Amino acid sequence: MTVAALQQLIASKAAVAVYFAAPNCGVCEALRPKIEQLLATQFPAITFVPIQIEKSPGISGAFGVFSAPTLLIFFEGNEFLRKVRLMSIPELAQIIERPYKMLIG
């Protein structure tokens with residue numbers, strides 16, 4: 001994926017979650033399925049986009065991501081949430097719930 005393609009996806013969807021991960025990152029590997037499950041079960045309209053930092057350094061730089069894991073949530077093309085490293089899944093659900101319900105219903 002290119003920077004332009006990701007920016008176009010973010011602009012064209014109501015809600016997008018971009019998950020940046022690094023190779024040999026235990027936290028990245030442990031969090032990804034939990035975040036994917038949360039989005040699939042509670043917030044199915046959010047498009048999940050995984051990005052491997054080492055394979056897409058241009059995307060990481062363009063979005064100001066320098067640590068892994070990093071989760072960016074966009075609503076209507078605007079960055080709503082940026083979480084870096086350790087993330088609480090219940091906390092994520094709580095933060096996302098209100099704007100998601102307002103936007104998606």
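The values are calculated or read from the model by the stated rules, or taken from the named source; none is laboratory data. Computed from a predicted model, the values in this text were never measured in an experiment. Virtual Cβ from ideal backbone geometry, glycine too; neighbours counted across all protein chains shown. The accessibility values were calculated without ligands, DNA or RNA, using every heavy atom of the protein model including side chains. Shrake-Rupley method; radii C 1.70, N 1.55, O 1.52, S 1.80 Å.
Below is a table of values for the structure above.
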quantity	calculated
Linear extension gain, CYS25 paired with PHE66, 0.36 nm per residue minus alpha-carbon span	13.4 nm
Simple spin-label estimate for GLU54 and LEU103 in nanometres, 7 Å along Cα-Cβ	3.2
Solvent-accessible area per residue, Å², over the chain with all protein chains present [probe radius 1.4 Å]	54
Counting DSSP beta bridges with both ends in the chain, the antiparallel % (nearest 5)	65
Solvent-accessible area, 1.4 Å probe, carbon plus sulfur percent, for the chain	54
Table column - 3J(HN,Hα) (Hz), region 63-74, Karplus curve with 6.51, -1.76, 1.60, x for Gly and Pro	9, x, 9, 10, 10, 10, x, 10, 10, 10, 10, 10
Taking N as its residue count, the alpha carbon Rg of the chain over 2.2 N^0.38 Å	1.00
Simple label model, 7 Å out from Cα along Cβ direction - GLU91 to LYS34, nm	1.1
